[in-house]
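Asker: Once you've had a glance at the structure underneath, I'll fire off some questions.
Coordinate-derived values only; no laboratory data. Source: prediction; values computed, not measured. Backbone-built Cβ (ideal geometry, glycine too); neighbour counts: all protein chains shown.
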Amino acid sequence: MAGRLDPVRGVLAAGVVAAGAVATGALTARTARRMATPRQQRATPVRGVDLASGTIRFGATPESLLPGRYSFWFAEGRGHARVGPIIGIDGDGVLRELQGVDTGDLTAAREGRFNGWMWLSPDAFGVPFRSERVQTTQGAVPAWVVSVGDVKRWAVLVHGRASVRQEALRAIPALVAAGWSVLLPAYRGDGEAPAGDTSRYAVTDAEWVDVESAILHALDEGATEVVLVGWSSGASIVLATAHRSRVREVIRGVVLDSPVLDGAQALLARGAGVPEPVRRGALSLLRGPWGRLVGAHGLDVDPSVTADPAELEVPVLVLQSEDDGVAPPEVAHRFADARPDLVRLVTFQGARHTRLWNRDPERWEGAVTAWLADDLPALDRVSAPETASARTAGPSRRAEGRRASRARPAL
């Protein structure tokens with residue numbers, strides 16, 4: 001009897017193994033889709049609007065309970081308001097300051113969503129600006145130009161890959177106050193600029209070329225030194241520009257807000273709560289030939305991107321929230337620890353991804369202006385041979401490699 005049962009047991013065991021493999025494969029595919037598609041914010045109910053007193057009452061949601069100042073979008077994205085700090089919390093209601101309504105009838109809104117933009121155009125700051133077109137290898141792209149003070153110093157602002165130029169507007173007041181003119185361009189594939197070359201992912205390895213074109217435009221405006229500022233995946237774009245551009249000699253430094261420095265780690269973080277082997281399998285699926293079936297073509301993060309601190313040749317300011325939720329903070333800490341000679345890390349508490357300014361604008365602006373005034377002049381470019389040796393040199397050895405002056409490149 002026992003002999004006759006052995007084949008049956010074998011079939012049953014094989015069936016269990018096969019079922020487990022199918023279940024694991026399904027979980028891996030679902031995890032890959034989750035990693036490829038960032039979580040969508042659920043709508044926040046509007047309970048009441050008092051334009052006379054400048055207040056708005058929301059239902060309690062994770063977003064309405066966040067301290068700080070934010071954009072609030074309503075009427076399916078057609079209406080925009082600026083929401084200020086929390087005034088009070090009562091039961092399931094959150095009363096906040098209403099700092100302005102830019103478009104739409106907020107009194108008719110029943111729900112909406114928050115994001116970090118705050119403003120829609122440079123005209124909100126009361127400074128002269130121009131809308132221009134920057135010539136790139138893919139054609140002309142729109143850009144905002146704010147020219148102030150000494151036109152020799154320019155900041156080029158680069159938004160994240162899943163966003164548009166408005167994301168970077170928050171930096172303009174601090175930069176202008178510090179005496180830097182500002183150029184805020186679109187770049188390939190962001191919805192305002194030409195799509196550019198095709199890629200397996202929504203983000204490619206060519207966006208930095210458009211940033212280089214923006215630098216050339218700034219040079220035409222009179223720039224002799226440039227600072228690059230990048231948000232989220234825009235951080236990897238400006239780092240690539242600083243490392244690869246033919247005009248990198250005019251780049252004095254780089255500011256990174258909520259930087260995605262390791263694409264694979266950022267994607268793995270989106271799968272939090274899933275067993276590590278499944279997340280690793282999902283990442284391999286996104287990287288492989290079947291990735292398009294689970295949404296890899298829409299990835300806003302390239303899983304192959306890893307910023308190498310040994311390549312740095314200019315001072316870098318990293319602004320990182322310990323509660324980012326998208327860009328793992330430990331990656332930023334490792335990046336800064338690897339190059340203490342060039343990298344300054346300023347951390348924030350309780351801020352969401354790319355919403356550091358919103359959570360604490362005084363800290364954000366203070367960190368940037370202090371870095372521009374103090375740290376940036378104290379540090380300078382490391383020459384190419386010294387940068388190569390910095391891969392194995394200690395901090396004191398790297399510090400010896402700073403160079404005191406820089407000539408403008410011949411173009």
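Asker: Could you run the Karplus curve 6.51 cos²θ - 1.76 cosθ + 1.60 with θ = phi - 60° over segment 239-256 and give me ³J(HN,Hα) per residue in whole Hz, x for Gly and Pro?
Answerer: 5, 4, 4, 5, 8, 10, 5, 6, 10, 5, 5, 8, 7, 7, x, 9, 10, 10
Asker: OK, next. Pulled fully out, how much extra length does the chain show between ALA373 and ARG246, if you take 0.36 nm times their separation in residues and subtract their Cα-Cα distance? Numbers along the way, then the final one.
Answerer: Details: separation 127, 0.36 × 127 = 45.72 nm, distance 2.64 nm.
Value of the extension gain: 43.1 nm.
Asker: Right, next: For a label point 7 Å from the Cα of THR107 along Cα→C-beta, name the residues of segment 49-91 whose backbone N is under 11 Å from it.
Answerer: It comes to 49-52, nothing else.
Asker: On to the next question. Which of LEU66, LEU228, LEU342 comes first, and how do the rest follow, when ranked by fewest Cβ neighbours within 10 Å? Could the numbers behind the result be given before it?
Answerer: Numbers: LEU66 19, LEU228 30, LEU342 27.
By the 10 Å Cβ count, ascending: LEU66, LEU342, LEU228.
Asker: Quickly work out the GLU132-to-ASP308 label distance, labels modelled 7 Å from Cα along the C-beta direction, and quote it in nm with one decimal.
Answerer: Modelled inter-label distance: 3.4 nm.
Asker: Quick one: Karplus J couplings for segment 339-345, per residue in order, coefficients 6.51, -1.76, 1.60, θ = phi - 60°, nearest Hz, x for Gly and Pro?
Answerer: 9, x, 6, 10, 9, 10, 10
Asker: Each residue of segment 324-329 in order: what ³J(HN,Hα) in whole Hz does its phi give by Karplus 6.51 cos²θ - 1.76 cosθ + 1.60, θ = phi - 60°, with x for Gly and Pro?
Answerer: Running phi through 6.51 cos²θ - 1.76 cosθ + 1.60 with θ = phi - 60° gives 4, x, 10, 9, x, x Hz.
Asker: Most exposed first by the Cβ proxy, i.e. fewest other Cβ within 10 Å, how do ARG355, ARG133, ARG170, ARG82 rank? Before the final figure, lay out the partial values.
Answerer: Working: ARG355 27, ARG133 13, ARG170 24, ARG82 19.
Lowest count first: ARG133, ARG82, ARG170, ARG355.
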